[in-house]
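Values in this text are rule-based calculations from the coordinates and carry no lab data. Quantities reported herein were computed from a predicted structural model and do not represent experimental measurements. Note that we place each Cβ from the backbone using ideal geometry, even for glycine, and neighbour counts take in every protein chain shown.
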Amino acid sequence: MTQSMSISTGIIIRFLAVIIPTFAFASPYNPLDKPYIKDNGIIRIGINEQHPNGVRYPVISSVYINTRQVMPPDNAGADFQITTRSNKGNLWNPTLGGDCKQNPSKLTGVLANWVGAGLSGIPSSNGILIGVKPRLYNEPGLTGCLGEGPFVPVRFNFGVTLGDGKVLPREAMIIDMSVKREPGAEVLRKHLSEYPVAFPHAKLMRYAYYSIDGKTFRPFNVGYTNDTNVWPVGKNHNKEGKAIALCQTPRSKLDGTTCMAFYTHSPTTMTLSLRNSASRKLNLMTLLGGSNNNASQTSDKITDYNWHTKRALMAVGRIGTVKAVISISESKIKNWGNF
């Protein structure tokens, strides 16, 4: 384990041991329950912002690229977050945001200025770490909500670090995602877990791409097209690889467009899907915690009570910029977690 990862892991452990018991279920009023904004001039994110229904969910609730909103606050099961699942799939999936009745998960701790990404020199003001006690989303597939989702014996940590333009490009955002089972929790399955998942505007972030290696991007075609707006609604589409991207314009114009990409150090199953929300169409984009190809292996299961952390990357900008950000991040990040 590198020095940087030791520091990062130590912060996470202390965060859970000290911060979470202080605030978890202390009273109906939660002093942490306010919006948190991080902005480096290229990427701007809001965390725990108030949604149109008046509720705050402990997720990344909005994403802006170059002052333009590419992902809106939508609902407890959307936005930008992490989820995990057992063998029961959507019948047992603790969710960072909340349940299908729009009850929020519990925000239990916040380090509003965080240096946990392990890159020396990035200001702590560029990072934030939150702790969350999740609810079950409680909606099996698209068949309908089963009602209020209970809190379950699982803990989440969710941290981000924006690039500062010196140590890491401002087009980069490191995402640190941790899960811990507690006694009574079901066994978690990595290939059914989303680390991370986001729901950008489908009409804006419209054209889909993927990369096996993070260096060469190809159209993510469904049938004859990578235009997500004509894909079937609600159907997931998978690729194996290291990166997926949603872009504003098709490939012939990629050099002059804006893309939002997710990158993982180790290849995994990547999913895209066109979804309907209450007022708009959104694109689901996610990196699964493990490959569907490894679903039958013991390593796909989380059976212990230890913290399991996965580090991923969001890169934005033209496709050439996205590739450069991935390359620089690979050279700087020495440990991508133990998920």
| field | Full-stretch length increase - Leu91, Ile37 - with 0.36 nm per residue and alpha-carbon distance subtracted | value | 16.2 nm
| query | Got a sec? Which residues in the stretch 193-211 would a label at Gln297 touch, if it sits 7 Å along Cα→Cβ and we count backbone N under 16 Å? | reply | 193
| request: Please get the size of the charge dipole for the chain, origin at its Cα centre, with Cβ charges of +1 on Lys and Arg and -1 on Asp and Glu, quoted in debye to the nearest 20. | output: 420
| task | Choose one answer from Glu182, Glu194, Glu139: the residue with the largest mean-square fluctuation in a GNM of the chain with alpha-carbon springs under 10 Å. | result | Glu182
| remark: Residue span Val55 to Thr143: 0.36 nm per residue of separation minus Cα-Cα distance leaves a gain in nm of 29.3 nm
| request: Could you check which residue among Lys242, Lys166, Lys281 shows the biggest mean-square fluctuation in a GNM of the chain with a 10 Å Cα cutoff? | output: Lys166
| request: Please sort by residue number the trypsin sites (Lys or Arg not before Pro) in the stretch 51-158 whose DSSP state is loop and whose Cβ has at most 15 other Cβ atoms within 10 Å. | output: Lys88, Lys101
| request: Could you pull out every one of the aspartates and glutamates with an alpha carbon less than 15 Å from that of Lys301, ignoring same-chain neighbours closer than 8 positions? | output: Glu182, Glu186, Glu194
| request: Between Asn87, Asn126, Asn75, find the one with the highest GNM mean-square fluctuation for the chain; connect C-alpha pairs within less than 10 Å. | output: Asn87
| field | Charge-dipole axis of the chain as Lys and Arg at +1 and Asp and Glu at -1 on Cβ define it, positive-most pick from Trp114, Leu246, Pro183 | value | Leu246
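Take the cross-link list Lys34/Lys88; Lys203/Lys310; Lys133/Lys281; Lys166/Lys323; Lys106/Lys215; Lys203/Lys334 and give me the ones stretching past 27 Å between alpha-carbons.
Lys34/Lys88; Lys203/Lys310; Lys133/Lys281; Lys106/Lys215; Lys203/Lys334
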| To the nearest 0.05, how large is the calculated FRET efficiency for Asn238 and Ala112 if R₀ is 35 Å and r is the Cβ-Cβ distance? | 0.45
| Sequence-distant aspartates and glutamates (8 or more away, or on other chains) whose Cα lies within less than 12 Å of Lys190 | Asp300
| message | Cut-off is 10 Å between beta-carbons; in what order do Ile122, Ile43 appear when sorted fewest neighbours first? | response | Ile122, Ile43
